[in-house]
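What follows is a single structure, written as structure tokens, with notes after it.
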């Protein structure tokens, strides 16, 4: 079994998982902004080394998926110095387990590539819609023939709420959260419930449209939906996904490491 260290540097969180084959031996994560500090990067590397030693694990391959270059580069350098191994970076230059028809491959986010890699591994014989509910929300679509078609990018639910607060004079800032009731009886409740039920309706509507597109234009009969990202569990309270997996991007990156 290959022993792979997989890192995902997102806009909000840096996540790490150590894989032995398909099994995750341990996970670590922290706020991405912390890694602007050399001291924080050094402390993180020391904690990682300690975890590996405690579990008698050896790193064979390291791969990094990132959408934050100014954090990813110093983190990769630190990891390379610590383990004396090259860090593989997720990009379209890698050997991918799918064909892509993206017009600007150099702009295709590493997290999206890793997620699609996981999607085609997890459901190899059907079309897949993979949704990442993060700071930005991405929908990515791949056919049963493993052709990646592209997708859409939207503002994350929390980002939209922050923007509403910033661009209005009297609306308070609230956090995106699960709601059981539809109708708000105060301004705060109206914001909270509007954000949540609007997010549910948006998700349901986009998935339905993507499924219709795949059936009409690509003759797909079976379509699976994978959800990941911090807000995915909140949406999953109302909508049923074929798979809800918080580690989908990390797993996809580890799969790319195996192929490269």
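The values are calculated or read from the model by the stated rules, or taken from the named source; none is laboratory data. Values in this document were obtained by computation on a predicted structure and should not be read as measured data. Here the Cβ positions follow ideal geometry from the backbone for every residue, glycine too, while neighbour counts run over all protein chains shown.
Annotations
- Only listed residue being in a helix (DSSP H, G or I), surrounded by fewer than 17 Cβ atoms within 10 Å (Cβ to Cβ) and touching a helix residue (DSSP H, G or I) at 6+ places or on another chain (Cβ under 9 Å), chosen from 164, 182, 250, 171: 164
- Close pairs (9 angstrom Cβ cut-off, 6 or more residues apart or separate chains): assigned by TED's automatic domain parsing to the domain that holds residue 218 and on the phi > 0 side of the Ramachandran plot in segment 149-169, surrounded by 14 or more Cβ atoms within 10 Å (Cβ to Cβ) and in a loop (DSSP other than H, G, I, E, B) anywhere: 150/102; 150/108
- Options 188, 159: the member that is out of contact with any strand residue (DSSP E or B) (no Cβ under 9 Å at 6 or more places or on another chain) and not in a loop (DSSP other than H, G, I, E, B): 188
- Some residue of segment 202-210 being touching a residue at least 12 places away in the same chain (Cβ under 8 Å), assigned to a loop (DSSP other than H, G, I, E, B), out of contact with any helix residue (DSSP H, G or I) (no Cβ under 9 Å at 6 or more places or on another chain) and farther than 16 Å from residue 6 by Cα: no
- Some residue of segment 213-234 being farther than 28 Å from residue 63 by Cβ, modelled with pLDDT of 95 or more, surrounded by 13 or more Cβ atoms within 10 Å (Cβ to Cβ) and within 16 Å of the chain's Cα centre (by Cα): yes
- Unmet requirement for residue 112, which otherwise passes all of (1) outside any helix (DSSP H, G or I); (2) under 16 Å from residue 251 (Cβ atoms); (3) out of contact with any helix residue (DSSP H, G or I) (no Cβ under 6 Å at 6 or more places or on another chain): (1)
- If you go through segment 213-239 and keep only what is farther than 24 Å from residue 155 by Cβ and out of contact with any helix residue (DSSP H, G or I) (no Cβ under 6 Å at 6 or more places or on another chain), you end up with 214, 215, 216, 217, 218, 219, 221, 222, 224.
- Among residues of segment 194-212, those that are surrounded by 14 or more Cβ atoms within 10 Å (Cβ to Cβ) and within 12 Å of residue 157 (Cα to Cα), counted: 8
- Test for residue 27: is it in contact with a strand residue (DSSP E or B) (Cβ under 6 Å, 6 or more places away or on another chain), modelled with pLDDT of 90 or more and surrounded by 14 or more Cβ atoms within 10 Å (Cβ to Cβ): yes
Each row is one residue, and each column tells you yes or no for (1) within 26 Å of residue 150 (Cβ to Cβ); (2) surrounded by fewer than 22 Cβ atoms within 10 Å (Cβ to Cβ).
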position: 57; (1), (2): no, yes
position: 85; (1), (2): no, yes
position: 93; (1), (2): yes, yes
position: 101; (1), (2): yes, yes
position: 110; (1), (2): yes, no
position: 119; (1), (2): yes, no
position: 125; (1), (2): yes, yes
position: 136; (1), (2): yes, yes
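- Boolean, residue 101 is over 30 Å from residue 43 (Cα atoms) and modelled with pLDDT under 95: yes
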